[in-house]
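Structure first, commentary second.
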Amino acid sequence: MLAPTLQKRWDWRAAGNFICGGTGTGLMIIAATLSTMGLNTTAYALLASVLVTAGLGLVWLEIGRPLRSMNVFRNPATSWMTREGMVAILLIPMGLLTFFTESSSLLVLSALPAAFFLFAQARILHMAKGIPAWRTNAINPLILSTGLTEGMGVLLILIGLTAGNIEAFFKGYGWIVALSLVFLRGVAWINYRYSLANNAPEATLKVLERSNIVIVLLGIATPIVLLFMGKHYVAYQLPLAATAGLFMVFCGWFCKYQIIIYAAYYQGFSIAHTPARGGGKSGPGLKPGWRLPQ
Amino acid sequence: MTRYVMVADINRCVGCQTCTAACKHTNATAPGVQWRKVLDFEVGTYPNVRRAFIPVGCNHCLDAPCADVCPTLATYKRPDGIVSINYDLCIGCAYCIQACPYQARDRVDVPNKAYGKEFGQMKHEQKVPHSERRAVAQKCTFCSDRIDYGTANGLTPGIDPDATPACANACIANALIFGDIDNPNSNVSELLRTHKHFQMHEELETGSGFYYLWERK
Ligand code: SF4
Ligand code: SF4
C-alpha cells in the first residue's frame with residue numbers, strides 16, 4: 001500500500017498505441033530516408049498510416065467515454081496527448097496520399113508529421129510524473145530510437161516485396177543506417193537504465209533487470225550480427241535482412257510493453273520525518289519500496 | 001490572491017480515520033474509492049520503531065501535473081488554487097492518473113458493491129449514484145461546493161465549518177487544518193510559521209498544497 005504499486009489503468013490497448021504508433025511513424029520516417037537513397041519505398045506509407053490509425057483505435061477502445069473523444073483536441077497548449085491527436089489528422093491522410101500517388105516528395109513531407117507524432121509519444125510518457133519509469137528524461141531518446149528502429153525493422157521484413165530494394169539497401173548507406181539505429185537504440189536503452197539505477201521503485205528496477213538480457217541479446221547483438229552477415233553473404237541478403245528486421249521489431253515491442261505494462265510502478269508514498277509527538281523527539285523519514293542512492 | 005491548502009499536524013493525527021469516513025459520507029464516493037485516506041507508516045526496526053499516520057489525498061498542486069497533461073481541459077485550476085475536474089468534458093483517458101505522483105485519482109467504470117454483487121447497491125448508494133463520475137477521472141475536491149457556498153455567504157473557509165472541507169471539520173484531534181496560505185494572518189500561515197513542515201515528494205516540484213507539520217519550531 002505504501003510502496004509503489006503497479007499501474008493498471010493503461011493496459012495492452014495503451015501499450016498498443018505506443019507500439020503501433022511508434023512503429024508506424026518510424027516506418028514513415030525510415031521509408032522517407034531510404035527513398036532519398038534510391039530505394040522504392042512509397043508503398044510503406046500505407047502500412048505506416050494503418051499502424052498509426054490502429055494505435056489510435058486501440059486508445060479509443062481504452063478511454064472511459066469514447067463518445068466524447070473529440071474533446072481530446074481541447075488542450076494543445078500543454079497536453080502532448082492533444083498534440084499527438086492533432087498531428088495524426090495530418091499524418092494519416094498524407095500517408096494514404098503518398099501511397100496512391102507514389103510520390104517520393106510527399107513521402108519525405110509525411111516524415112515531418114510522423115517525426116512530430118513519435119516525439120509526442122515520447123513526451124506523453126515523459127510528462128507522466130506519477131510513474132518514475134516513464135518520467136525520466138531518458139525515456140525520450142529511447143522511444144524515438146526504438147520507433148525508428150522498429151520502422152526500419154518492418155521495412156526490412158517486407159523489403160523483398162519490391163524488386164531492387166535489397167540490393168540498393170546493402171550497396172548504399174541503407175544498411176549503415178540500420179546498424180546505426182540498432183546501436184543507438186542500445187545506447188538509449190543503457191542510458192535509460194542508468195537514469196533510473198538506484199533511484200527508482202525496486203519493483204521497476206527488477207523488471208528492467210529481467211528485460212535487459214532479452215533486449216541486449218535479441219535486440220542489439222543479433223540484428224547487428226545479421227546485418228553484417230547480410231553485407232558479406234550476398235546470396236542470403238534477403239532472409240538475413242528480414243530476420244534482422246524481425247528482431248529489431250520484436251525487441252522494440254518487447255521493450256515498450258515491459259516499460260508500459262510491467263515496469264510502470266507509481267511513485268508511492270514517503271515522509272521526510274516522523275513526528276515529535278508530545279515532548280518526544282522527531283525521527284527519520286521513510287520511502288518504502290524504493291532503491292535509493294547509497 | 002487566495003490559495004487554499006491543507007495542513008496536517010502529524011504530531012496530532014492518531015490514525016482514527018474519522019476524516020476518511022467524513023469524506024465518504026459527504027461526497028458519497030463509490031465503494032473502494034477514498035478521496036481522503038490516512039496512511040500508516042512504521043519506521044525503523046525493533047526496538048527503535050516509530051509510527052506515523054499520514055493523511056493523503058489530492059494536494060491541489062500549484063504546478064499540477066494532472067492539469068498539464070489533460071487533453072480535454074477537464075482538469076483545471078480554479079483561481080483559489082483548487083484543482084477541479086469538469087466531469088462533462090473528461091473522456092476518461094486516465095492520463096491524469098498516470099501524471100499524479102500522489103495516487104490521488106481514480107476512474108470507476110462500474111462501481112463496486114459494498115457487500116458484493118449478490119446484495120446489489122445499498123439504498124443510500126442508489127440515492128446518490130453520481131453517474132456523472134462514471135468512467136471519468138475523480139478525486140478530492142477540497143469540498144469546493146462547501147467553500148463556494150461559504151464564500152458566497154460571507155463565511156471564511158477553514159474557520160467557519162459550513163465553508164470548510166468535511167475532513168477538516170470532522171478531525172477529532174484538530175490535526176487537519178484548512179485555510180488560505182496567501183493570507184499571512186490565516187490559520188494555516190500561522191501554523192507554517194511556527195512549525196517545521198514538509199510536503200510529500202518535494203523533489204518533484206509539484207508545489208503541493210498539502211503541508212505536514214512534524215515539529216514545533
Ligand atoms: S495531487 Fe495529483 S490530482 Fe491533485 S493536483 Fe496534484 S497531481 Fe493533480
Ligand atoms: S481522464 Fe479526464 S481529467 Fe484525466 S486527463 Fe483524461 S480527460 Fe483529463
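Of everything in segment B:30-39 that is assigned to a strand (DSSP E or B) and more than 8 Å from chain A (Cβ to nearest Cβ), the residue that is surrounded by the fewest Cβ atoms within 10 Å (Cβ to Cβ) is B:LYS37.
Would it be correct to say that A:ALA3 is touching a residue at least 12 places away in the same chain (Cβ under 8 Å), on the phi < 0 side of the Ramachandran plot and not in a loop (DSSP other than H, G, I, E, B)? Criteria not met by A:ALA3. A:LEU2 meets all of the listed conditions (1) within 14 Å of the chain's Cα centre (by Cα); (2) within 14 Å of another protein chain (Cβ to nearest Cβ) but one, namely (1). Screening segment A:194-265 for helices (runs of 4 or more DSSP H) wholly inside it with 2 or more residues that are of a type in the set (Phe, Trp, Tyr) returns the ranges A:237-257.
Give me a count of the residues in segment A:62-84 that are closer than 26 Å to A:LEU148 by Cα and away from ligand 2 (no atom under 12 Å from the Cβ). Qualifying residue count, segment A:62-84: 3. Annotation note: Cβ proximity below 7 Å between a residue of segment A:82-97 that is more than 11 Å from A:VAL52 (Cα to Cα) and a residue that is in a helix (DSSP H, G or I) and among the hydroxyl-bearing types (Ser, Thr, Tyr) (sequence gap 6+ or interchain) occurs for A:MET94/A:SER110; A:LEU96/A:SER49.
The residues of segment A:69-85 that are surrounded by fewer than 18 Cβ atoms within 10 Å (Cβ to Cβ) and part of a helix (DSSP H, G or I), listed by number, are A:MET70, A:PHE73, A:ARG74.
Of all residue pairs spaced 6 or more apart or on separate chains, those with beta-carbon atoms under 7 Å, a first member in segment A:263-292 that is more than 8 Å from chain B (Cβ to nearest Cβ) and a second member that is surrounded by fewer than 22 Cβ atoms within 10 Å (Cβ to Cβ) and among the β-branched types (Val, Ile, Thr) are A:ALA263/A:VAL207; A:TYR265/A:THR5. Residues that are at pLDDT 95 or above, among the β-branched types (Val, Ile, Thr) and within 12 Å of ligand 1 (Cβ to nearest atom): does segment B:101-120 have at least one? Checked against the condition, which is being at pLDDT 95 or above, among the β-branched types (Val, Ile, Thr) and within 12 Å of ligand 1 (Cβ to nearest atom), segment B:101-120 yields no hits at all. Checking each residue in segment B:161-217 for being in a helix (DSSP H, G or I) and closer than 17 Å to B:ASP63 by Cα picks out B:GLU202, B:GLU203, B:LEU204.
Of the strands (runs of 3 or more DSSP E) lying entirely inside segment B:44-135, those containing at least 1 residues that are basic (Lys, Arg), at the interface with another protein chain (Cβ under 9 Å from one of its Cβ atoms) and more than 16 Å from ligand 2 (Cβ to nearest atom) span B:50-56.
The values are calculated or read from the model by the stated rules, or taken from the named source; none is laboratory data. All figures in this text were calculated on a predicted structure; none of them were measured in a lab. Note that we place each Cβ from the backbone using ideal geometry, even for glycine, and neighbour counts take in every protein chain shown.
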